[in-house]
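Undergrad: Before I ask anything, let me first share the structure, which is written out below as structure tokens.
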Amino acid sequence: MRRNDRFLLVALSFFSLCTTFLAAQPEASPKSSQQELAALVGKTRITQAQVDLYLTTLGLPEDQWDTHRSRAVDQLIERTLVRQFLNERNVTPPSATLDRQLALVEQVLRNEENPEAALKKLGMTRDELQAELSLPLAWRRYVRQIVSERQIAEYFEKHQSELDGTKRKAAQIFLKLPQDASETDIEQAKSRLNELKQQIQAGQLTFAEAAQQHSESPSADKGGELGAFTFSGQMPAAIAKQAFETPVGEISEPFASSFGVHLLHVTEEIPGQFSLEDARPAILDRYSDEIWKQAVNRLKQTTRVVRLVD
């Protein structure tokens with residue numbers, strides 16, 4: 001699915017969530033605290049009300065807002081920097097695409113009540129809604145302008161197995177760790193897996209036997225078998241990345257994820273069939289993420305940013 005289409009789906013669910021969340025709220029004058037500044041980006045103000053709306057769109061209950069407020073402010077600062085950057089370069093979204101998305105979002109809002117009234121409850125004007133929808137569309141146009149065909153082709157050649165639907169078959173031995181595990185705990189678990197790896201390589205037991213005896217994953221009963229999976233979307237990123245970096249027939253080094261510590265045995269590769277054209281949207285997405293990070297880091301050095309929220 002293209003980034004543009006994904007954003008539209010997010011936007012529709014996003015505004016549906018907001019209107020559902022606020023449908024029962026009576027129309028009221030904005031509280032003074034809502035107009036307090038959360039940040040200044042150049043001359044652009046980011047208010048607490050805007051931060052609250054952003055937190056609402058993430059689906060977070062109000063009692064969790066304080067925990068996530070600082071990160072939300074960071075994200076709004078980034079979006080403001082990028083919007084200013086695009087405006088300075090006169091990069092605008094495709095008008096037909098923007099009009100179509102506006103119509104779809106207003107249709108979602110109309111399911112609750114009059115779109116203008118719904119936006120007012122959300123603390124937004126139609127112009128602000130249009131600006132929010134415009135940002136990812138304009139950014140996508142900018143990325144397409146600066147990423148060359150040669151870069152796309154070279155990226156596909158370098159990362160082809162990640163992009164063409166290639167699958168890897170693998171088995172794992174997994175040791176579960178709490179999310180607050182210390183570095184010492186992680187290293188001790190890796191050491192245990194290294195010992196098992198040495199025993200397997202010495203022929204003292206097979207990988208499947210080691211998984212059955214020691215793995216703490218449901219796959220242990222099947223000798224750790226995870227089946228076949230592509231680079232994206234079917235396995236946690238840490239597992240997929242390691243599986244595609246490990247040569248077929250080899251056992252990986254122990255590695256940590258947010259779940260615990262893993263040891264992988266990559267057993268087979270199934271070639272993919274997707275072409276460069278099939279992979280083009282994914283390649284542009286990857287460039288988009290990297291260019292966004294680079295732009296934000298550069299803009300923070302040249303734009304006065306004042307955070308008023310810890």
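Undergrad: If you go through the range 113-120 one residue at a time, do you hit one that is in contact with a helix residue (DSSP H, G or I) (Cβ under 7 Å, 6 or more places away or on another chain), within 25 Å of V306 (Cα to Cα) and not polar (S, T, N, Q)?
TA: So far as the range 113-120 goes, no, none of its residues is in contact with a helix residue (DSSP H, G or I) (Cβ under 7 Å, 6 or more places away or on another chain), within 25 Å of V306 (Cα to Cα) and not polar (S, T, N, Q).
Undergrad: Given the range 59-174, what helices (runs of 4 or more DSSP H) lie entirely inside it while holding 1 or more residues that are free of Cβ contacts under 8 Å to residues at least 40 places away in the same chain, surrounded by 15 or more Cβ atoms within 10 Å (Cβ to Cβ) and in the same structural domain as W292 (by TED's automatic domain parsing)?
TA: Values: elements: 65-88, 95-110, 115-121, 126-146, 149-158, 160-163.
So the answer is 65-88, 95-110, 115-121, 126-146.
Every residue, every condition in (1) outside the structural domain of S148 (by TED's automatic domain parsing); (2) modelled with pLDDT under 95; (3) in contact with a helix residue (DSSP H, G or I) (Cβ under 6 Å, 6 or more places away or on another chain), yes or no:
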residue	(1), (2), (3)
S191	yes, no, no
T206	yes, no, no
Q212	yes, no, yes
S219	yes, no, no
E245	yes, no, no
F259	yes, yes, no
V266	yes, no, yes
E277	yes, no, no
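The values are calculated or read from the model by the stated rules, or taken from the named source; none is laboratory data. Source: prediction; values computed, not measured. Neighbour counts are summed over all protein chains in view; Cβ atoms, including those assigned to glycine, are modelled from backbone coordinates with ideal geometry.
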